[in-house]
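Student: If you scroll down you'll find the structure; I have some questions about it.
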Amino acid sequence: MSQSQQQPEIADNLLTPRQGVNLLYILAAGHATCLTVFMRHSFGTHALGRNGVVALLLILFYLCGTEDPTMLLFLWAWLAALIYQRFKTYRVWRSGAVWHSKYDGYPALAMKLPFVRTEGSAKSLEPVFCILAGAALCPWSEAVGAYVFLGFASLLVVRAFETQSTVNRVRAMQDAAIEQRNMASMFRGDFHVNDF
């Protein structure tokens, strides 16, 4: 078999840049979910599904890697918080409230700060809480402290992805509006296709 025939097989086994970025987002969102269940409430009905499974796997892998028994306490606390958030979401949904099914929660903890006025600025401050909480937990358990501290990066990555996604959607909506205005003008006979 020639060398040129072997290269496509090798390339097929590697992640494409897009797949790599998607994997980064999934891992960051999962890790962020390990922390947001403690800082937020009113999650969407599907917000904690995939992210919750990824979060559980990340905690278990980290627990196995560090072999720190305090991570087991973190796991139980996280599971209790996750179940509580799911129950709270179900109660709000049953009352008839309507919101996006993948809403990632209201940043209740950050909104308690007197200088925070918007949800966006509150979510932008949450990574700082991870730094402070991680540093505070390190004397008790370095493994738990480091895991919480890494939430700083995870929350920043998730926030960057969500912001860019919103910008892309708004741009697509603006483009669609422009196209519809142009089509309406052509329909009215204001100008023809050849005028472009």
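Student: Within the range 124-138, work out how many residues are touching a residue at least 60 places away in the same chain (Cβ under 8 Å) and either surrounded by fewer than 19 Cβ atoms within 10 Å (Cβ to Cβ) or of a type in the set (Phe, Trp, Tyr) (or both).
Tutor: Going through the range 124-138 one residue at a time, the tally reaches 1.
Student: OK, next. Select from the range 86-105 the residues that are among the polar types (S, T, N, Q) and over 16 Å from the mean Cα position of the chain (by Cα) and write down the one among them that is surrounded by the fewest Cβ atoms within 10 Å (Cβ to Cβ).
Tutor: Selected residue: Ser95.
Student: Looking at (1) at pLDDT 90 or above; (2) under 24 Å from Phe129 (Cα atoms); (3) surrounded by fewer than 17 Cβ atoms within 10 Å (Cβ to Cβ), find the lone condition where Gly65 falls short.
Tutor: (2)
Student: Also: If you take the residues of the range 151-165 that are touching a helix residue (DSSP H, G or I) at 6+ places or on another chain (Cβ under 8 Å) and open to solvent by 60 Å² or more (accessible area, probe 1.4 Å), which of them is farthest from Ala136 (Cα to Cα)?
Tutor: Phe161
Student: For the range 139-150, give me each residue that is touching a residue at least 60 places away in the same chain (Cβ under 8 Å) and open to solvent by less than 20 Å² (accessible area, probe 1.4 Å).
Tutor: Once the filter is applied, which keeps residues that are touching a residue at least 60 places away in the same chain (Cβ under 8 Å) and open to solvent by less than 20 Å² (accessible area, probe 1.4 Å), the range 139-150 yields Ser141, Ala143, Val144, Tyr147, Val148.
Student: For the range 19-40, indicate whether the set of residues that are outside any helix (DSSP H, G or I) and at pLDDT 90 or above is non-empty.
Tutor: The answer is yes; a qualifying residue exists.
Student: Arg117 - would you say it is farther than 21 Å from Gly145 by Cβ, part of a helix (DSSP H, G or I) and open to solvent by 60 Å² or more (accessible area, probe 1.4 Å)?
Tutor: Criteria not met by Arg117.
The values are calculated or read from the model by the stated rules, or taken from the named source; none is laboratory data. None of the values given here were measured: they were computed from a predicted structure. Here Cβ is always computed from backbone atoms with ideal geometry, including for glycine, and neighbour counts include all displayed protein chains. Quick note on the areas: whole protein, heavy atoms, side chains included, nothing else; ligands and nucleic acids left out. Shrake-Rupley method; radii C 1.70, N 1.55, O 1.52, S 1.80 Å.
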